[in-house]
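What follows is a set of notes on a single structure, which appears directly below.
The values are calculated or read from the model by the stated rules, or taken from the named source; none is laboratory data. Note that the coordinates shown come from a computational prediction; the quantities given were computed from them, not determined experimentally. Note: ideal-geometry Cβ built from the backbone for every residue, glycine included; neighbour counts use all protein chains shown.
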């Protein structure tokens, strides 16, 4: 939708994946762009199949393996950007950018077993670094206003509230200059 | 049951219309379809009225279709109270490209302010 508002200034550079770090539970976690292999796909399905329904947000992830697969098929397309947090051969978290007109809608999920360990911050920074390197300009999201952990994460990253009139907050971030402000290219300022 | 179905022309409102009409045919509801002025809708009010009448004719039921001017949420609540409707039915929300559901301002207002039960159709 064209009437969404975004910050005027472009966000700082985010690190492009792959990156690796040790989480607060001393686990080695790797952030990597999603590769379309059966192993990666099934590991992601397994994460969502074991996802606590109380952490669903606005209807996603859906419940039940069949609906999880349908949803993933829609957001793992070639026009989307997907990043996974891997702990060994297990998917700990997933973040995605799905195209919406001239912008992208963002969502991020970290499995309950891996929450409160700093993975979400690395994961969203990795996703934004990936999108930034690929030339994504604007990102928006909605978040339930009572979800304070998520809201503070988004604020820390640089998202600004663009609409606070509904149950859900809408937030926006500018990753690269709009077209015309600079030459075609990566546009990274690092 | 005396049912007030509020529609403004969004996709989810048409889904609510179809389901409510279907149910009315089976349950013999006393149905009124209120076509509200939804700024977020791309479909003109006259066209929405037409869609509502078609749905009602197709189902072979007798229902009232009326145009409602003014602020949609508060008008629906007011009509439901004044005319003693037992339930209000609305669309269940817009689905984003991601698959996230967001409720529009009309549904929010009605949910919080109606004295009747409110059904959001998914």
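Among the residues that make up region B:72-80, is at least one of them free of Cβ contacts under 8 Å to residues at least 24 places away in the same chain and assigned to a loop (DSSP other than H, G, I, E, B)? Spell out how you get there, then give the answer.
Residues of region B:72-80 free of Cβ contacts under 8 Å to residues at least 24 places away in the same chain: B:78.
With the extra rule that they be assigned to a loop (DSSP other than H, G, I, E, B), the set shrinks to none.
No, the conditions are met nowhere in region B:72-80.
Could you please find all residues in region A:29-54 being in contact (Cβ under 8 Å) with a residue 60 or more places away in the chain and loosely packed, with under 15 Cβ neighbours inside 10 Å?
Of everything in region A:29-54, those that are in contact (Cβ under 8 Å) with a residue 60 or more places away in the chain and loosely packed, with under 15 Cβ neighbours inside 10 Å turn out to be A:50, A:52.
So which residues in region A:53-81 are within 12 Å of chain B (Cβ to nearest Cβ) and within 19 Å of residue A:153 (Cβ to Cβ), if there are any at all?
A:56, A:57, A:58, A:60, A:61
So, in region B:34-47, of the ones that are surrounded by fewer than 18 Cβ atoms within 10 Å (Cβ to Cβ) and either within 9 Å of the chain's Cα centre (by Cα) or without any contact (Cβ under 8 Å) to a residue 24 or more places away in the chain (or both), which residue ends up nearest to residue B:76 (Cα to Cα)?
B:39
Among A:78, A:26, A:36, which is the only one that is at positive phi and either touching a strand residue (DSSP E or B) at 6+ places or on another chain (Cβ under 7 Å) or outside any strand (DSSP E or B) (or both)?
None of the others qualify; the one that does is A:26.
Name the residue, out of A:103, A:107, A:95, A:150, that is at pLDDT below 95 and within 20 Å of residue B:95 (Cβ to Cβ).
On the way: A:103 fails: at pLDDT below 95; A:107 fails: at pLDDT below 95; A:95 fails: at pLDDT below 95.
After applying the criteria, what remains is A:150.
Of all residues in region A:39-52, which are touching a helix residue (DSSP H, G or I) at 6+ places or on another chain (Cβ under 8 Å), away from chain B (no Cβ under 14 Å) and in a helix (DSSP H, G or I)?
A:41, A:44, A:45, A:49
Filter region B:10-33 for residues that are farther than 15 Å from residue B:121 by Cβ and surrounded by 17 or more Cβ atoms within 10 Å (Cβ to Cβ) and give the result.
The one that is farther than 15 Å from residue B:121 by Cβ and surrounded by 17 or more Cβ atoms within 10 Å (Cβ to Cβ): B:32.
Which of the residues belonging to region B:78-112 are more than 14 Å from chain A (Cβ to nearest Cβ) and over 21 Å from residue B:19 (Cβ atoms)?
Across region B:78-112, the qualifying residues are B:78, B:81, B:82, B:83, B:84.
Checking the structure you have, find out if any residue of region A:122-140 is more than 13 Å from chain B (Cβ to nearest Cβ) and modelled with pLDDT under 95.
no
For region A:82-120, what are the residues that are within 11 Å of chain B (Cβ to nearest Cβ) and in a loop (DSSP other than H, G, I, E, B)?
Once the filter is applied, which keeps residues that are within 11 Å of chain B (Cβ to nearest Cβ) and in a loop (DSSP other than H, G, I, E, B), region A:82-120 yields only A:101.
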